[in-house]
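Just below is one structure, and these are the notes that go with it.
The values are calculated or read from the model by the stated rules, or taken from the named source; none is laboratory data. This one's a predicted model, so the numbers in the text were calculated from it and none came from an experiment. Cβ placement follows ideal geometry from the backbone for every residue including glycine, while neighbour counts extend to all protein chains displayed. These area figures cover heavy atoms from the full protein model, side chains too; ligands, DNA and RNA do not enter into them. Shrake-Rupley method; radii C 1.70, N 1.55, O 1.52, S 1.80 Å.
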Protein chains: 2
Amino acid sequence: MGKGEDTRARILDEAMRQVSVRGMTGVSLGDLAAAMNLSKSGVLKHFQSMETLQLALLDAMTDRFVAEVWKPAEPFAPGRERLEKLFERELAWNDSENLPGGCPLTSAATELDDQPGPLRDKLKDNRVRWGRTLKREFRALRPEADDATLETLVFQWKGILLAYGHSKRLLDDESARAQATAAYRMLIGG
Amino acid sequence: MGKGEDTRARILDEAMRQVSVRGMTGVSLGDLAAAMNLSKSGVLKHFQSMETLQLALLDAMTDRFVAEVWKPAEPFAPGRERLEKLFERELAWNDSENLPGGCPLTSAATELDDQPGPLRDKLKDNRVRWGRTLKREFRALRPEADDATLETLVFQWKGILLAYGHSKRLLDDESARAQATAAYRMLIGG
DNA sequence: CCGATAAGTGCACGATCGGTCACTTTTGGT
DNA sequence: ACCAAAAGTGACCGATCGTGCACTTATCGG
């Protein structure tokens, strides 16, 4: 890996960290450059424009999410065991010290959900795929269930994780994790 | 109500609409003034500064939420009946045509949750109070349940509504409402 | 109907936004 | 060790950010 590639990766890394706190719109070229001890033009050399950087950032977020949530769970058996691991990993992802503001995909989602454009499209694609992955796992857990039921389970899974971030970060609720796992138990069954 | 009061209210109304789409940071003095056919200084005359405007905006959001979600449900009997109405009203609040980007409190929450300051404090206070209100209703529904159980129910309630906004707005999921009510049924019990 | 006060305008300000360009420094293959 | 290409700099651009100030216009009680 050449120096350019390395710098580019480090920029995306820092940007991801900032997105988790300030949101996608909140990270500016100036802040980013300052945080990296680089000039604004030095940053832009690795991306044609700010929007290109943001698109690359969404890709980087997807890659990291897959690497830190899905990959560790993949070796486990489909269904209950894998879901258990996925849930644990997704909580850990939300708590990662590399993401001081929690899941950057959540920040981006609430920010972009009503702003048409390539950013929203890419993010939507990411989340739709994740929903399908979860649905597969729920199907393995409950082979007899119909599609509507499976989708409701996925819906609730997402709800639990959104509520986890909300309770922990805005409400400073110390019991957020306990409540998330309690809700998970109610969903999956003992 | 003098003309000043009226204009001030209309500014906050327009700002709330914009927050639901662009988020709290996304609404600027210039855009706001343009949307109101007013000059930037004309807007700022009603508020000492932009941050003061934002604080007033959070109050306005709280008032509207109470008026449109809590008030219509208040006449109903505590517990099941009132919860039913509250849930219906909160879904309607999310769908309100006055709020083209969904619940502005949700936008503000994910945006401010890691940004210390008076804005975050006020929003947190708002959401904590709402959580307490929900807990009271769940206690009326399940008088035998312990505190932890009640809080898990509140946690899940919030999760359902967060997932509703996410599914409807980012994923364009037509069945979002159906899934939200299905999840509600699972939570409350038939 | 008048005059004090409230409401709103218009211009200018310093700061910051994303972005360009000519330039210098660094890197790495031969 | 050399030198072309890659990496990064710094000054500058027009636009927009929030804000202050001197000013004009509209409102409304006496």
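State the percent of C-alpha pairs, over all pairs in the stretch A:51-188, separated by a distance greater than 22 angstrom. Don't jump to the answer; show the numbers that get you there.
Numbers: 3773 of 9453 pairs.
Value for the stretch A:51-188 (Cα pairs over 22 Å): 40 percent.
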(request) Among the listed pairs A:K124/B:K135; A:K3/A:K71; B:K71/B:K135; A:K168/B:K135; A:K3/A:K40, give every one whose C-alpha distance is greater than 25 Å. (result) A:K124/B:K135; A:K3/A:K71
(message) Running a GNM on chain B with Cα contacts under 10 Å, which residue among B:L134, B:L86, B:L171 ends up with the highest mean-square fluctuation?
(response) B:L171
(request) Over the stretch B:61-190, average the accessible area per residue using a 1.4 Å probe and give it in Å², no decimals. (result) 42
(request) Under a 10 Å cutoff between Cα atoms, tell me which one of A:D31, A:D114, A:D173 has the largest fluctuation in the Gaussian network model of chain A. (result) A:D114
(message) In whole Hz and in residue order, list the ³J(HN,Hα) couplings for the stretch B:77-85 that follow from phi through the Karplus curve 6.51 cos²θ - 1.76 cosθ + 1.60, θ = phi - 60°; x for Gly and Pro.
(response) 5, x, x, 3, 4, 5, 4, 4, 5
(message) Mean-square fluctuation check for chain A, GNM, Cα pairs under 10 Å: which of A:L44, A:L119, A:L170 is largest?
(response) A:L170
(request) Take every residue in peptide B:169-180, count the Cβ atoms of other chains within 10 Å of its Cβ, and give the average of those counts. (result) 5
(message) For the stretch B:107-190, take the convex hull of the Cα atoms, compute a quarter of its surface area, and give me that in nm², please.
(response) 6.4
(request) Could you tell me what % of all Cα pairs in the stretch A:1-78 have separations over 19 Å? (result) 38
(request) Please state, rounded to one decimal and in Å, the Kirkwood hydrodynamic radius that the protein assembly as shown gives when every pair of distinct Cα atoms enters the mean of 1/r. (result) 21.9
(request) Over chain B, with every protein chain in place, what whole percent of the accessible area is carbon and sulfur at 1.4 Å, could you tell me? (result) 50
(request) For the stretch B:50-188, build the charge dipole from Cβ charges (+1 Lys, Arg; -1 Asp, Glu) around the Cα centre, then report which of B:Q115, B:A182, B:A73 sits farthest towards its positive end. (result) B:A73
(message) Place a point 7 Å from the Cα of B:E84 along the Cα-to-Cβ direction; which residues of the stretch B:143-159 have their backbone N under 18 Å from it?
(response) B:143
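Please identify every one of the GluC sites (Glu not before Pro) in the stretch A:125-175 that sits in a loop by DSSP and has no more than 14 other beta carbons within 10 Å of its own beta carbon.
Numbers: sites: A:E137, A:E144, A:E151, A:E174; in loops: A:E144, A:E174.
For GluC sites (Glu not before Pro) across the stretch A:125-175 that sit outside H, G, I, E and B with at most 14 neighbouring Cβ atoms in 10 Å, the list reads A:E144, A:E174.
What's the buried accessible area, both sides, between A and B using a 1.4 Å probe, rounded to 100 Å²?
3500
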